[in-house]
Structures are given as structure tokens and as C-alpha cells.
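**Student:** Pasting a structure here, questions to come.
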Amino acid sequence: MRKRLTITSLKKMKQDKNPISMLTAYDYPSAVLAEEAGLDVILVGDSLGNVVLGYDTTIPVTLDDMIYHTRAVARGAKNTFIVTDMPFMTYGIGRESTLRNAARLMQEGGAQALKLEGGTEIASEVGALVKAGIPVMGHIGLTPQSVHQLGGYKVQGKLEKEAEKLMEDAKALEAAGAFAIVLELVTEPIAEAISKELSIPTIGIGAGRGCDGQVLVYHDILQYSSPYIEKKMVKTYADIGSTIRNAISSYVSEVKAGAFPAEEHTFGAKPAAINHLYGGGEAANSSSNQATREESPKRDFVSNHS
């Protein structure tokens with residue numbers, strides 16, 4: 001049986017230059033498959049708002065949503081390190097509220113760590129969580145919960161000012177006690193510079209080859225959506241969407257044509273059981289004989305008095 005990684009072993013992977021593999025999962029079957037595939041870390045991302053719940057952004061995702069999906073993933077991947085997102089406006093709203101919401105995610109969800117978006121502005125709350133015994137993964141660069149403030153899904157770190165802010169945020173999170181940081185849609189040179197500067201692992205998504213690990217969305221690498229929208233930062237490894245669509249289409253066609261179910265998909269019954277349904281069998285014969293006996297005296301009476 002594989003042994004679940006810890007924040008200590010993840011930091012050692014950086015030191016050993018052993019790249020960290022991370023992928024999202026949102027339910028029991030995807031978690032089981034991810035663990036069987038040998039994944040290092042599962043992220044229960046609030047991206048479930050987009051790929052599972054059908055929202056345009058992650059903003060509508062609630063704390064209860066995250067707890068529900070994290071609990072399912074935890075049941076499916078009992079030996080994999082699980083990180084779950086704190087959703088929009090469940091942190092950065094005061095230390096007490098952040099701690100209370102984080103406690104619910106950890107206790108009810110069953111993850112081993114939480115991920116928070118933001119840099120210097122949330123560093124104090126990251127520190128409070130760490131002091132409370134909750135491992136925290138940071139997330140800077142493109143932060144989807146702030147997509148409206150950022151003006152859309154834009155690459156970060158193209159300008160000198162942006163690069164300086166990213167480095168400042170990364171160092172603030174490390175100082176606050178974060179054990180790792182996700183760098184999303186960050187230019188490769190800046191992401192590499194941040195990775196070299198920090199003693200904790202960086203996990204890139206659209207941040208190039210210089211990070212200490214990579215993370216992608218489950219539905220993206222499998223093209224598990226319709227329509228599938230290609231993304232420059234993503235490599236797809238299978239077209240599951242088409243496979244599923246074609247399979248369902250075949251099922252519909254066979255039902256309409258009467259080809260399914262075929263004989264091999266049905267269950268037989270003993271002849272006696274069928275006879276009973278139509279009034280046959282021993283019970284029916286017994287009832288018929290009883291009725292005959294009851295009617296016989298009447299026939300005799302009529303015969304004797306005719």
C-alpha cells in the first residue's frame with residue numbers, strides 16, 4: 001500500500017529535484033483513478049464551479065460545496081495528500097471567520113491542507129492558520145476568485161511591476177508558513193526566478209518549466225467537457241468527452257431500434273411462475289377443484305327434483 005505524502009516529504013521533493021504531480025479531482029471515482037495512477041497530490045479545486053457545477057466563474061462556489069466534494073474525494077483517495085480550496089469570501093474577512101471556515105473544511109471535508117488565493121494581503125491569515133495547525137498552500141499569479149478585479153484571465157508577470165509584486169507575495173506567503181505555492185499563468189522566467197528564491201515548492205499551472213511541480217484540471221487533460229475549449233497551458237492526454245458522447249449515442253440508438261436489451265441482458269423465469277401470473281398452476285387448479293365440489297350438490301339437487 002502506498003504511503004501518503006506529507007508537507008515535509010513535499011519540501012524534500014523540491015530539494016531532491018523530484019517534480020511534484022498534482023491534479024484536480026472532485027468526486028469519488030475520479031479520486032480513486034487518480035490515486036491508482038500514482039498522483040502525488042490531489043487538489044479539490046473550486047474550479048469545480050466551472051467544470052462540475054456549470055458556473056462561469058469560481059465565485060458562486062460555497063463552503064458547503066467544497067466540503068461535500070472534498071469528503072467524496074477523501075473517501076476515494078485514502079492514501080494521497082489532498083489539498084482543498086477555500087472558496088470566495090470564506091477567508092480574508094477577519095481571522096476568526098477564516099479560522100472557523102477552515103476548521104469546517106478540515107474536519108468535515110477530510111483534506112490534509114487548504115489552498116488560499118492571494119499574497120501579502122492574506123499573509124497574516126495564512127500565519128494564523130499555520131499556527132492553528134492547518135497546512136496552507138498559497139496561490140498567486142492569476143487568482144480566479146479575483147478575475148473581475150484582474151480584468152479577465154490574463155498572464156501575470158509580463159511587466160516589471162507585476163514581477164516585483166509576485167516575488168513579494170511569494171516571499172510573504174513563505175514567511176507566513178505556507179508549505180507550497182501555486183503559480184498560475186505566470187511568465188516562465190518570473191516563475192523560475194520565484195522557484196529558485198523560495199525554499200518551499202512551487203506548483204505551476206501555465207507557469208512554465210521552472211516550477212517544482214505541475215497541476216492541471218482533471219477535465220482538461222481528459223477533454224471531459226462539451227464543447228472542449230483548448231488552452232495553451234494544457235496538454236490533453238485523452239478525449240474522454242467524445243468517448244462518452246459516442247457511447248451514450250449508441251445506447252440511445254439501440255434502445256430506439258429495439259436492439260437493447262438483447263437476450264443476454266435478460267433474466268428467465270420457471271414456467272410455473274409464469275403460469276401463476278395467468279391463473280394457471282397448482283393454486284389455480286386447486287381453486288377450480290374446490291369450486292367444482294361446491295357446485296356438485298346443487299346439480300344433484302336439481303337432477304333429483306326435475
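**Student:** If you check Lys165 against the conditions, is it part of a loop (DSSP other than H, G, I, E, B), in the same structural domain as Gly133 (by TED's automatic domain parsing), touching a residue at least 24 places away in the same chain (Cβ under 8 Å) and closer than 25 Å to Thr57 by Cβ? I'd like the intermediate steps shown before the answer.
**Tutor:** Details: part of a loop (DSSP other than H, G, I, E, B): no; in the same structural domain as Gly133 (by TED's automatic domain parsing): yes; touching a residue at least 24 places away in the same chain (Cβ under 8 Å): yes; closer than 25 Å to Thr57 by Cβ: yes.
Judged against the criteria, Lys165 is not a match.
**Student:** Quick one: in segment 6-39, of everything that is within 15 Å of Ala74 (Cβ to Cβ) and in contact (Cβ under 8 Å) with a residue 60 or more places away in the chain, which residue is farthest from the chain's Cα centre (by Cα)?
**Tutor:** My answer is Ala34.
**Student:** For segment 198-240, which positions are small (Gly, Ala, Ser) and either surrounded by fewer than 19 Cβ atoms within 10 Å (Cβ to Cβ) or not assigned by TED's automatic domain parsing to the domain that holds Ala176 (or both)? Can you show your working first?
**Tutor:** Here is the first cut: in segment 198-240, the ones small (Gly, Ala, Ser) are 199, 204, 206-208, 210, 213, 225-226, 238.
Ser199, Gly208, Gly210, Ser225, Ser226, Ala238 - these are the residues of segment 198-240 that are small (Gly, Ala, Ser) and either surrounded by fewer than 19 Cβ atoms within 10 Å (Cβ to Cβ) or not assigned by TED's automatic domain parsing to the domain that holds Ala176 (or both).
**Student:** Just to be sure, is Ser195 assigned by TED's automatic domain parsing to the domain that holds Gly119, surrounded by 12 or more Cβ atoms within 10 Å (Cβ to Cβ) and without any contact (Cβ under 8 Å) to a residue 24 or more places away in the chain?
**Tutor:** Details: assigned by TED's automatic domain parsing to the domain that holds Gly119: yes; surrounded by 12 or more Cβ atoms within 10 Å (Cβ to Cβ): yes; without any contact (Cβ under 8 Å) to a residue 24 or more places away in the chain: yes.
Considered against the rule, which asks whether it is assigned by TED's automatic domain parsing to the domain that holds Gly119, surrounded by 12 or more Cβ atoms within 10 Å (Cβ to Cβ) and without any contact (Cβ under 8 Å) to a residue 24 or more places away in the chain, Ser195 comes out as yes.
**Student:** Continuing with this model, one more query. Quickly run through segment 46-55 and pick out the residues that are small (Gly, Ala, Ser) and in contact with a Phe, Trp or Tyr (Cβ under 8 Å, 6 or more places away or on another chain).
**Tutor:** Of all residues in segment 46-55, those small (Gly, Ala, Ser) come to 47, 49, 54.
Selection gives Gly49 alone.
**Student:** Next question, about the same structure. Answer yes or no as to whether Pro60 is modelled with pLDDT of 95 or more, assigned by TED's automatic domain parsing to the domain that holds Lys115, farther than 16 Å from Ala113 by Cβ and more than 14 Å from the chain's Cα centre (by Cα). Give the steps one after another, and end with the answer.
**Tutor:** Values: modelled with pLDDT of 95 or more: yes; assigned by TED's automatic domain parsing to the domain that holds Lys115: yes; farther than 16 Å from Ala113 by Cβ: yes; more than 14 Å from the chain's Cα centre (by Cα): yes.
Yes: the conditions hold for Pro60.
**Student:** Here's something else I'd like to know. Output the residues belonging to segment 186-216 that are of a type in the set (A, V, I, L, M, F, W, C) and within 16 Å of Gly45 (Cα to Cα).
**Tutor:** Taking segment 186-216 and keeping what is of a type in the set (A, V, I, L, M, F, W, C), we get 186, 190-191, 193-194, 198, 200, 203, 205, 207, 211, 215-216.
Ile203, Ile205, Val215, Leu216, listed by residue number.
**Student:** Among the listed residues Glu96, Glu117, which satisfies the condition of being free of Cβ contacts under 8 Å to residues at least 40 places away in the same chain and surrounded by fewer than 24 Cβ atoms within 10 Å (Cβ to Cβ)? Don't jump to the end; show me each part of the working.
**Tutor:** Values: Glu117 fails: surrounded by fewer than 24 Cβ atoms within 10 Å (Cβ to Cβ).
The unique qualifying residue is Glu96.
**Student:** Restricting to segment 13-71, name every residue that is surrounded by 20 or more Cβ atoms within 10 Å (Cβ to Cβ), small (Gly, Ala, Ser) and not in a loop (DSSP other than H, G, I, E, B).
**Tutor:** Matches in segment 13-71: Ser30, Ala31, Ala34, Gly49.
**Student:** Might you check whether a residue that is modelled with pLDDT of 95 or more and in a loop (DSSP other than H, G, I, E, B) occurs anywhere in segment 270-289?
**Tutor:** No.
The values are calculated or read from the model by the stated rules, or taken from the named source; none is laboratory data. What you are looking at is a predicted structure, and each value in this text was computed from that prediction instead of being measured. Counting neighbours? That spans all protein chains shown, and the Cβs are built from the backbone with ideal geometry, glycine included.
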